[in-house]
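Structure record follows, encoded as structure tokens.
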């Protein structure tokens with residue numbers, strides 16, 4: 001077979017096995033990345049040996065990492081990089097130095113290496129984490145904009161920068177100290193010159209070039225120009241002794257500040273995905289299953305050392321730079337692997353005689369295993385952090401870092417997030433003379449709030465303690481404008497725990513989050529892209545002579561329908577997959593409705609699960625196989641239904657009690673009402689069972705909220721305390737009389753809130 005045609009056959013085979021492996025992994029509910037790696041193992045030299053032009057395929061695969069880093073640079077931008085510059089430069093640099101130092105000392109003490117130079121080389125290999133794998137996992141989970149995602153990417157950028165320095169220093173490791181110093185100085189000079197040149201080109205050349213390409217109105221020319229620019233800068237960095245990947249990232253950063261950044265990203269993404277797949281399959285080809293099996297015990301030991309060692313180095317560093325413990329733990333676990341660029345270092349070290357062939361293969365095997373494990377580790381992190389003992393520890397460490405001197409604590413507006421949207425919200429709210437409190441965990445934004453004199457709470461808005469400090473339980477309204485979906489969901493759910501009737505509006509970053517946020521209890525969900533479409537349509541239709549009142553009526557109808565008319569049609573499989581991904585990030589379970597459950601035959605509006613138990617119902621699977629995603633208020637529960645519910649362990653237990661009929665389900669004659677006990681109440685210090693001796697024992701205590709914790713369906717032996725918030729369920733007259741008995745100092749009885757608060761609101 002001709003050599004050029006053989007390459008085409010190999011490329012087709014690689015793409016086919018990637019598609020097959022990825023599909024198999026998706027069907028098995030595993031990361032598709034695992035399918036790519038396994039596919040590479042199967043067709044690689046150590047597997048079936050089907051790939052003949054291995055070097056050419058690996059060369060093309062380098063484009064995958066280049067395009068991945070290029071797209072990351074376009075999305076990241078200088079402004080985003082500036083947010084994490086301290087942890088990137090300081091934490092990333094310290095992490096590399098500490099990893100090399102610890103590895104050198106340990107490897108020399110246990111006899112793994114025979115010289116300090118070999119220890120330094122081994123430490124350099126272990127200090128690098130996988131930019132491609134971590135970035136791919138963060139993108140799949142939509143977490144590139146989360147605090148931990150930003151920190152991980154910032155550290156990875158510094159590691160990629162350090163690769164050029166390591167490659168320059170490597171030949172001088174066995175030379176005298178002065179040679180090593182010259183090599184380091186030369187490498188730093190190259191990096192400095194390249195950075196200066198990149199700034200100049202990014203300011204004066206790139207914008208002009210992109211505008212020229214855009215004026216041609218040719219998609220092909222624009223794409224060709226961008227690709228040539230990306231790969232040209234990447235080749236320049238390779239020539240300077242830095243990495244191709246570093247050049248691609250810098251090229252992306254140059255474009256990120258130009259108005260055509262979004263257009264560039266849209267055009268490049270298909271190329272990025274295809275070539276990135278080639279890269280991951282080529283990594284799989286390097287894995288030798290036979291060698292792994294023959295040295296399984298040793299490699300597993302090395303993998304454990306890498307995972308634990310890097311976690312113990314990175315986690316304290318991130319925490320030491322002022323980030324929450326949760327962010328530090330996720331970052332430490334996410335970067336606890338050996339990167340793909342370590343293959344380059346290992347190969348160069350073998351050619352220089354720094355390591356033997358066997359040690360080189362052990363490094364490859366250990367690296368490959370850590371890369372395979374990374375998607376599983378990142379997937380398990382949310383479940384790990386939800387363990388009761390760890391959750392309590394993390395909650396106790398999620399206290400506010402700083403609080404403004406004077407906070408409004410009654411009928412105020414709480415705004416979570418002080419980005420562009422949050423800043424505009426604060427300005428508009430203050431123009432109407434309304435009190436406002438802002439929650440943010442960025443030091444730079446908190447400084448802006450200090451200078452502007454805006455009341456603030458410095459901390460994680462998803463923390464129950466931070467929300468309590470901001471007075472959410474006494475607030476009039478709350479707006480959530482956070483950057484990442486997971487923080488939005490947690491903030492929403494915990495805010496409603498503090499104040500079940502809170503008027504809560506949320507910004508949805510993606511259209512697939514809209515229904516889930518409504519299900520979790522948001523009163524209003526705003527999607528920026530759809531809102532922009534509505535405003536553009538309003539302007540155009542008004543100009544065409546359509547009456548403004550009819551346009552506003554139509555726009556409001558679209559909003560009331562949750563932008564359903566604007567959202568793309570999705571298959572049942574896509575909806576199901578999104579549900580599983582969303583539920584996987586939170587404490588969720590599928591629950592089969594028991595036979596003869598009192599909930600059978602009731603609508604979700606009548607049951608109002610979130611109000612009574614705290615859980616959110618996001619899907620129903622009928623006994624005949626039909627699946628209802630995000631059921632509306634009129635959906636009737638049927639015998640044999642399986643319900644996908646989200647909530648804390650206590651809330652899920654409360655739902656179980658309700659579904660089994662162990663506690664009363666309100667009907668048309670039964671209302672529920674939250675009531676706070678004050679110090680004058682006659683039941684303070686007495687058990688709930690004392691209420692049974694009162695003539696009004698028909699009223700049931702469904703839940704007690706105390707010190708930020710919920711006790712659903714408490715038993716009779718539980719003592720009542722001042723400040724307890726009780727959820728009372730019973731008839732209107734009974735609750736009214738009981739309230740007069742429990743709260744003797746009140747002159748006026750507040751009517752209880754009915755179970756059904758809004759008929760149009762989704763349960």
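The values are calculated or read from the model by the stated rules, or taken from the named source; none is laboratory data. Being a predicted model, the structure only gives us computed values, none of them experimental. No Cβ is skipped: glycine too gets one built from the backbone with ideal geometry, and neighbour counts run over all protein chains shown.
Given the structure, is residue 463 in contact (Cβ under 8 Å) with a residue 60 or more places away in the chain and surrounded by 23 or more Cβ atoms within 10 Å (Cβ to Cβ)? Please lay out each step first, then the result.
Working: in contact (Cβ under 8 Å) with a residue 60 or more places away in the chain: yes; surrounded by 23 or more Cβ atoms within 10 Å (Cβ to Cβ): yes.
Yes: the conditions hold for residue 463.
Please verify whether residue 507 is crowded, with 18+ Cβ neighbours inside 10 Å, within 30 Å of residue 556 (Cβ to Cβ), in contact with a strand residue (DSSP E or B) (Cβ under 7 Å, 6 or more places away or on another chain) and touching a residue at least 24 places away in the same chain (Cβ under 8 Å), treating the condition exactly as stated.
Working: crowded, with 18+ Cβ neighbours inside 10 Å: yes; within 30 Å of residue 556 (Cβ to Cβ): yes; in contact with a strand residue (DSSP E or B) (Cβ under 7 Å, 6 or more places away or on another chain): yes; touching a residue at least 24 places away in the same chain (Cβ under 8 Å): yes.
It is true that residue 507 is crowded, with 18+ Cβ neighbours inside 10 Å, within 30 Å of residue 556 (Cβ to Cβ), in contact with a strand residue (DSSP E or B) (Cβ under 7 Å, 6 or more places away or on another chain) and touching a residue at least 24 places away in the same chain (Cβ under 8 Å).
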* Residues located in the stretch 608-631, provided they are touching a strand residue (DSSP E or B) at 6+ places or on another chain (Cβ under 6 Å) and under 10 Å from residue 642 (Cα atoms) -> 619, 620, 621, 627
* To do: Hey, could you check the stretch 671-685 for residues that are part of a strand (DSSP E or B) and at pLDDT 75 or above and say which is nearest to residue 656 (Cα to Cα)?
  => 675
* To do: Give the residue that is modelled with the lowest pLDDT, with candidates limited to residues of the stretch 476-504 that are in contact with a strand residue (DSSP E or B) (Cβ under 8 Å, 6 or more places away or on another chain) and under 22 Å from residue 564 (Cβ atoms).
  => 488
* Residue check for residue 268: buried (at least 18 other Cβ atoms within 10 Å of the Cβ) and at pLDDT 80 or above -> yes
* Structure fact -> Checked the stretch 277-300 for anything assigned to a helix (DSSP H, G or I) and over 30 Å from the mean Cα position of the chain (by Cα); matches are 285, 289, 290, 291, 292, 293, 294, 296, 297, 298, 299
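Name the one entry in 617, 643, 637 that is outside the structural domain of residue 489 (by TED's automatic domain parsing), at pLDDT 80 or above, over 27 Å from the mean Cα position of the chain (by Cα) and crowded, with 19+ Cβ neighbours inside 10 Å. Full working, then the answer.
Details: 617 fails: over 27 Å from the mean Cα position of the chain (by Cα); 643 fails: over 27 Å from the mean Cα position of the chain (by Cα).
Step by step, each of 617, 643, 637 is checked, and only 637 is outside the structural domain of residue 489 (by TED's automatic domain parsing), at pLDDT 80 or above, over 27 Å from the mean Cα position of the chain (by Cα) and crowded, with 19+ Cβ neighbours inside 10 Å.
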* Structure fact -> Restricting the stretch 1-25 to residues that are at pLDDT below 80 and out of contact with any helix residue (DSSP H, G or I) (no Cβ under 8 Å at 6 or more places or on another chain), the one surrounded by the most Cβ atoms within 10 Å (Cβ to Cβ) turns out to be 6
* Tell me which residues, restricted to the stretch 472-486, are in a loop (DSSP other than H, G, I, E, B) and over 26 Å from the mean Cα position of the chain (by Cα). => 475, 476
* Structure fact -> Filter the stretch 127-151 for residues that are closer than 15 Å to residue 332 by Cβ and more than 15 Å from the chain's Cα centre (by Cα); the one that is surrounded by the fewest Cβ atoms within 10 Å (Cβ to Cβ) is 130
* Asked: So which pairs qualify, if the first residue must be in the stretch 94-115 and at positive phi and in the same structural domain as residue 165 (by TED's automatic domain parsing), the second must be surrounded by fewer than 20 Cβ atoms within 10 Å (Cβ to Cβ) and assigned to a helix (DSSP H, G or I), the Cβ gap must be under 8 Å, and the two must be at least 6 apart or on different chains?
  -> none
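Test of understanding: among 566, 540, 579, which residue is at pLDDT below 85 and assigned to a helix (DSSP H, G or I)? Quick ask: steps written out before the conclusion?
On the way: 566 fails: assigned to a helix (DSSP H, G or I); 540 fails: at pLDDT below 85.
Only one candidate passes the filter, namely 579.
Check whether at least one residue in the stretch 26-39 is over 27 Å from the mean Cα position of the chain (by Cα), buried (at least 23 other Cβ atoms within 10 Å of the Cβ) and assigned to a helix (DSSP H, G or I), and report yes or no.
At the first step, the residues of the stretch 26-39 found to be over 27 Å from the mean Cα position of the chain (by Cα) are 39.
Narrowing further to those that are buried (at least 23 other Cβ atoms within 10 Å of the Cβ): 39.
Pick out the ones that are also assigned to a helix (DSSP H, G or I) and you get 39.
The answer is yes, given that some residue of the stretch 26-39 is over 27 Å from the mean Cα position of the chain (by Cα), buried (at least 23 other Cβ atoms within 10 Å of the Cβ) and assigned to a helix (DSSP H, G or I).
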* Filter result for residue 347 (surrounded by fewer than 16 Cβ atoms within 10 Å (Cβ to Cβ), in contact with a helix residue (DSSP H, G or I) (Cβ under 9 Å, 6 or more places away or on another chain), under 22 Å from residue 132 (Cα atoms) and assigned by TED's automatic domain parsing to the domain that holds residue 25) -> yes
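Which residues, taken from the stretch 313-325, are in a helix (DSSP H, G or I) and surrounded by 14 or more Cβ atoms within 10 Å (Cβ to Cβ)?
Those that are in a helix (DSSP H, G or I) and surrounded by 14 or more Cβ atoms within 10 Å (Cβ to Cβ): 313, 314, 315, 317, 318, 319, 325.
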* Structure fact -> Among strands (runs of 3 or more DSSP E) entirely within the stretch 686-763, at least 1 residues that are over 14 Å from residue 674 (Cβ atoms), modelled with pLDDT under 75 and within 39 Å of the chain's Cα centre (by Cα) occur in 709-712
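Specify the residue that is nearest to residue 676 (Cα to Cα); the eligible residues are those in the stretch 466-478 that are surrounded by fewer than 23 Cβ atoms within 10 Å (Cβ to Cβ) and touching a helix residue (DSSP H, G or I) at 6+ places or on another chain (Cβ under 7 Å).
473
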* Asked: Can you tell me which residue in the stretch 367-380 is modelled with the lowest pLDDT, limited to those that are within 17 Å of the chain's Cα centre (by Cα) and buried (at least 17 other Cβ atoms within 10 Å of the Cβ)?
  -> 379
